[in-house]
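First the structure, in the form of structure tokens, and then the observations on it.
What follows draws every value from the coordinates through simple rules; no lab data is involved. If you're wondering where the values come from, they're calculated on a predicted model, not measured in any experiment. Here the Cβ is made from the backbone with ideal geometry for all residues, glycine too, and neighbour counts use every protein chain on show.
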Amino acid sequence: MKRSGWNPTRRNRNIGTAKSGHGLANRLVIPAPWNDPRVFWEKLHEPVAIEINGFTILVEPCLPGFVHSVTVDDLVRMLGLLPPHDIAALRTVVLRQPTRKQGVLAAVWGRLAYFADFGRARGPAIILDAQRLAGCLEWGRHLSPDVAEELERLRTDGHTVTGENRRWRIQTSMVSTRSTQLFRTVPHELGHHVQYDREVRQRAGGDMDAELALRDHYFTKPAREKEDFAHRYARETMERLSAEHRVPFPRLVEETSMKRWCLEPKWFGLA
């Protein structure tokens with residue numbers, strides 16, 4: 001009997017592709033165990049907890065090749081310069097060590113946790129990630145306007161930016177990384193917190209139903225709008241502090257305090 005020529009296996013172009021699920025089990029993702037509802041940046045490994053000036057500073061040990069460019073003394077000085085009414089509800093700062101997989105999939109200078117659970121410390125927190133001692137970032141040549149602006153900010157922070165044929169190479173150092181994280185990331189993330197506080201908590205005035213509705217509305221805002229507010233807040237804050245000659249300030253390292261807090265000098269790039 002003559003065949004019709006129809007072969008569904010040969011004609012299905014999705015076989016062996018991502019549409020049919022090929023490679024789905026091999027996809028590189030950050031693990032999220034079903035029995036632990038916390039986000040990966042809430043899971044700290046044996047952090048050192050420091051209570052100082054009303055703040056809780058959690059310091060996670062660094063892996064070899066990584067370093068916390070911002071010291072605890074740097075943070076204490078910087079937090080003391082920020083507007084008290086803006087930082088009143090934000091009492092936790094974390095220096096965390098990302099895993100290598102997190103460094104590939106979710107690399108950041110820092111982030112704001114609108115609400116985090118670190119065990120002994122809960123609530124909003126600013127989190128700064130440890131960086132490689134001498135790292136190198138590579139970006140494609142074709143940049144969106146937002147990314148191009150960020151490239152210029154990195155150049156201003158002191159990173160060495162080199163244009164090559166198909167990419168931008170950004171060489172980091174201890175000094176430039178500290179400048180980015182302490183003098184730009186910290187006020188930037190505080191800007192996110194200030195916008196949320198003004199548009200949700202203060203506007204709700206203690207009404208929980210209203211606060212939930214305002215919270216839902218806030219998180220539906222375009223990311224561009226929230227980023228613009230945070231950049232503007234950070235820029236205006238640092239311009240004011242710079243005009244008052246309060247920033248920038250040199251790296252603060254108090255060895256006596258580090259011993260008292262049980263902090264290893266090598267976590268901060270010190271011999």
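Can you compute the FRET efficiency between residue 115 and residue 12 using 1/(1 + (r/R0)^6), with r the Cβ-Cβ distance and R0 = 35 Å? Round to the nearest 0.05. Between residue 115 and residue 12 the formula returns 0.15. Placing +1 on the Cβ of each Lys and Arg and -1 on the Cβ of each Asp and Glu in the chain, which of 237, 194, 168 has its Cα farthest towards the positive end of the resulting dipole? Value computed over the given set: 168.
Each other residue within a Cβ distance under 12 Å of residue 45 adds +1 if Lys or Arg and -1 if Asp or Glu, for a net charge of -1. Helix 223-243 axis versus longest C-alpha principal axis of the chain: approximately 20°, rounded to the nearest ten. Averaged over residues, the count of other Cβ atoms within 10 Å places the peptides 74-82, 154-162, 27-35 in the sequence 74-82, 154-162, 27-35, highest first. Mind checking the log10 I(q)/I(0) for the range 156-271 at q = 0.17 Å⁻¹? Debye, one equal scatterer per Cα, no solvent, two decimals. With no solvent term, the Cα-only Debye profile gives -1.00. Taking the charge dipole of the chain about its Cα centre, with +1 at Lys and Arg Cβ atoms and -1 at Asp and Glu Cβ atoms, the residue from 94, 66, 105 reaching farthest to the positive side is 105. The C-alpha atoms of the chain define a longest principal axis, and helix 72-81 lies at about 80 degrees to it. Taking other residues whose beta carbon is less than 11 angstrom from the beta carbon of residue 74, and scoring Lys, Arg as +1 and Asp, Glu as -1, yields +1.
For the chain, the relative contact order is 19 percent, taking Cα pairs closer than 8 Å that sit 6 or more residues apart in sequence and dividing their mean separation by the residue count.
Nearest 10 degrees is fine. How inclined is helix 145-157 to the longest principal axis of the chain, computing both from alpha carbons? Once rounded, one gets 40 degrees. Restricting attention to the chain, lysine pairs at least eight places apart or on different chains and with alpha-carbon atoms under 30 angstrom apart total 9. The list (1) 34, 21, 18; (2) 43, 31, 21; (3) 38, 25, 22 gives values of semi-axes √(5λ) of the Cα gyration tensor in Å, and only one came from this structure; which label was calculated from it? Correct label is (3).
Multiplying the residue separation of residue 24 and residue 207 by 0.36 nm and subtracting their alpha-carbon distance yields 61.4 nm.
Here the label points at residue 166 and residue 143, each 7 Å from Cα along the C-beta direction, are separated by 1.9 nm in the simple model.
The distance from the alpha carbon centre of the range 158-196 to that of the range 61-109 is 13 Å, rounded to a whole number. Considering only 147, 118, 84, the residue lying farthest towards the positive end of the dipole of the chain is 147, judged by Cα position with unit charges set on Cβ. Placing +1 on the Cβ of every Lys and Arg and -1 on the Cβ of every Asp and Glu, with nothing else charged, gives the chain a dipole about its Cα centre of roughly 1780 debye. Placing pseudo-labels 7 Å out from each Cα toward the beta carbon at residue 173 and residue 239 gives an inter-label distance of 2.8 nm.
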